[in-house]
Amino acid sequence: MPLSVSLAPDITSTRTPGGMILLNTRTGRYWQLNETGALILEHLLAGGSCTSAVAELRIRHPEAADRVEADTKALLSSLKSAKLVTS
């Protein structure tokens, strides 16, 4: 069963030319994701799984294929730790 990811209640996202900004509307604190981080988060928010995100990134970035899975899991873990997403 795929992991269901959604933005936490007080978090909004805005796409930028180089990635994405996540804003906590309650505290005013924000986080910036680069293009790859934004692609991963968008993929997960659209109902995709970590496995399918990794597969897509390996196609887009074959030179980094050996790091993609660990980096994707680390990003998701960081987003959860910062309470930006829920699953």
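Laboratory data are not the source of any read-out in this text; all were calculated from the coordinates shown. Quick caveat, the model's predicted, so the values are computed rather than measured. Reconstructed Cβ throughout: ideal geometry from the backbone, glycine too, with neighbour counts over all protein chains shown.
Some values worked out for this structure:
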{"quantity": "Count of residues meeting criterion [closer than 16 Å to ALA74 by Cα and outside any loop (DSSP other than H, G, I, E, B)] in segment 1-33", "calculated": "3"}
{"quantity": "Filter result for the condition that a residue is part of a helix (DSSP H, G or I), closer than 14 Å to VAL5 by Cβ and in contact with an Asp or Glu (Cβ under 9 Å, 6 or more places away or on another chain), over THR36, THR51", "calculated": "THR51"}
{"quantity": "The lone exception for SER13 - which of (1) closer than 24 Å to GLU69 by Cα; (2) small (Gly, Ala, Ser); (3) out of contact with any Leu (no Cβ under 9 Å at 6 or more places or on another chain) it fails", "calculated": "(3)"}
{"quantity": "Breaking point among (1) over 19 Å from LEU7 (Cβ atoms); (2) in contact (Cβ under 8 Å) with a residue 24 or more places away in the chain, for LEU76", "calculated": "(1)"}
